[in-house]
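Chemist: Submitted below is the structure of interest, expressed as C-alpha cells.
Every number in this text was worked out from the coordinates using simple rules, so none of it is lab data. Fair warning: this is a prediction, and the values are worked out from it, not measured in the lab. All Cβ positions, glycine included, derive from the backbone under ideal geometry; neighbour counts span all protein chains shown.
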Amino acid sequence: MSRKYVEVVVSRTKSVSDYVLDIITLMNQGFDEVKIKGLGREISKAVDVYNSLKSRMENGVELKDVQIGTDKERKRTSYILITVVRKY
C-alpha cells in the first residue's frame, strides 16, 4: 500500500547526495510523492537536490509542482517547495 507524500526539509547539515539517497529510499518504501522544502539560504540547495535527483533517476521521477512563498511563522522566511512524483 503506498502512502501519499512525505516532506523533506533541506538543511545545511547534509550533502545534496545524502538527500538524493534519502528521497530514493523513501520512494522505494512506498511514498508516491516527495516534497523538497528549502528555507532561506537553503532554497538553492533544495533546487540542487531536485536537479541531482532528476539526473540520477532520469525518467523515474517527474516534477509535479513548484511553490514559492514566505513562511510567516519563522520570521518571514522565504521558501521553495518542490513536489516530485515517482513514475515507476
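Chemist: Amide H of Lys14: which non-local residues (sequence gap of 5 or more, or other chain) have their own amide H closer than 5 Å, using H built in the peptide plane?
Modeler: Placed amide hydrogens put nothing under 5 Å from Lys14.
Chemist: With a cut-off of 8 Å between alpha carbons and a minimum separation of six or more residues, what is the relative contact order of the chain in percent?
Modeler: About 31 percent, as a whole number.
Chemist: Spelling out what I want: for every residue of segment 40-47, take phi, set θ = phi - 60°, compute 6.51 cos²θ - 1.76 cosθ + 1.60 (Karplus), and round to whole Hz; glycine and proline get x.
Modeler: With coefficients 6.51, -1.76 and 1.60, one gets x, 5, 8, 4, 5, 5, 5, 5 Hz.
Chemist: If you line up the long axis of helix 16-28 against the longest principal axis of the chain, both from Cα atoms, how many degrees apart are they, to the nearest 10?
Modeler: Compared with the principal axis, the helix lies near 50 degrees.
Chemist: Report, to one decimal in Å, the Kirkwood hydrodynamic radius for segment 1-76 based on all distinct Cα pairs.
Modeler: Answer for segment 1-76: a Kirkwood hydrodynamic radius of 13.1 Å.
Chemist: Still on this model: Hey, if you put +1 on the Cβ of every Lys and Arg and -1 on every Asp and Glu Cβ in the chain, which of Ser55, Gln29, Tyr79 ends up farthest toward the positive end of that dipole?
Modeler: Tyr79
Chemist: Which residues' amide hydrogens lie under 5 Å from the amide hydrogen of Asp32, considering only partners 5 or more residues apart or on another chain, with H built in the peptide plane?
Modeler: Arg3
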